[in-house]
Amino acid sequence: HARVTTHAMVAARSLKTKRTQMTAKGDRVGVRVRASANASSEPVVISLKVDGMMCAGCAESVETCLKKVEGVSVSAVDVNLDTKIVKVSVDCASVVEGLTKLPMLVEAVRAGGFEAEPEF
């Protein structure tokens, strides 16, 4: 828990830098945070583990589900079929705002017929 706290504090302090990555082993935080002095200029990248994707068509369906989430501005979706990891770039005013969108993203993927959970 101490490492996660340390990483969270570093991320909070690093909002004035170009890039931050929150990662800890054990109690892993799998959220990559990209922020700058103008936080709205760079997206928050949220990683999801999505089971049930078998082909490019599945990956496209997941991407479509994520881009249609009401109230969430998704600027990019990167799907890795081998690892079943989907990285969602969310445009928002702050890191905290971006992380509050996580449940909506997970629910959108589940509504599309796939199993999804945050990648921690």
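LEU105 satisfies every condition listed in (1) free of Cβ contacts under 8 Å to residues at least 60 places away in the same chain; (2) out of contact with any helix residue (DSSP H, G or I) (no Cβ under 8 Å at 6 or more places or on another chain); (3) of a type in the set (A, V, I, L, M, F, W, C) except (2). Answer yes if at least one residue in the range 7-19 is surrounded by fewer than 18 Cβ atoms within 10 Å (Cβ to Cβ), aliphatic (A, V, I, L, M), within 17 Å of the chain's Cα centre (by Cα) and at pLDDT 50 or above, and no otherwise. No, the range 7-19 has no match at all.
Counting only residues that are free of Cβ contacts under 8 Å to residues at least 40 places away in the same chain and either assigned to a helix (DSSP H, G or I) or touching a strand residue (DSSP E or B) at 6+ places or on another chain (Cβ under 8 Å) (or both), the range 71-96 holds 13 of them.
Filter the range 40-58 for residues that are closer than 13 Å to ALA116 by Cβ, among the aliphatic types (A, V, I, L, M) and not in a loop (DSSP other than H, G, I, E, B) and give the result.
Answer for the range 40-58, where residues must be closer than 13 Å to ALA116 by Cβ, among the aliphatic types (A, V, I, L, M) and not in a loop (DSSP other than H, G, I, E, B): ILE46, LEU48, VAL50.
Annotation note: of LEU99, LEU105, the sole residue that is surrounded by 14 or more Cβ atoms within 10 Å (Cβ to Cβ), at pLDDT below 95, within 10 Å of the chain's Cα centre (by Cα) and in a helix (DSSP H, G or I) is LEU99.
Pick out the one residue from ALA111, ALA93 that is open to solvent by 40 Å² or more (accessible area, probe 1.4 Å) and at pLDDT 95 or above.
ALA111
When the range 75-90 is limited to residues that are within 13 Å of SER47 (Cα to Cα) and touching a helix residue (DSSP H, G or I) at 6+ places or on another chain (Cβ under 8 Å), the one that is surrounded by the most Cβ atoms within 10 Å (Cβ to Cβ) turns out to be VAL88. One residue is enough: does the range 60-67 have a residue meeting the conditions out of contact with any strand residue (DSSP E or B) (no Cβ under 6 Å at 6 or more places or on another chain), among the acidic types (Asp, Glu) and open to solvent by less than 70 Å² (accessible area, probe 1.4 Å)? Within the range 60-67 (the criterion being out of contact with any strand residue (DSSP E or B) (no Cβ under 6 Å at 6 or more places or on another chain), among the acidic types (Asp, Glu) and open to solvent by less than 70 Å² (accessible area, probe 1.4 Å)), the answer is no, since none of the residues qualifies.
The values are calculated or read from the model by the stated rules, or taken from the named source; none is laboratory data. All figures in this text were calculated on a predicted structure; none of them were measured in a lab. Ideal geometry is used to build each Cβ from the backbone, glycine not excepted, and the neighbour counts take in all protein chains shown. Ligands, DNA and RNA are excluded from the accessible area calculation, which covers all protein heavy atoms including side chains. Shrake-Rupley method; radii C 1.70, N 1.55, O 1.52, S 1.80 Å.
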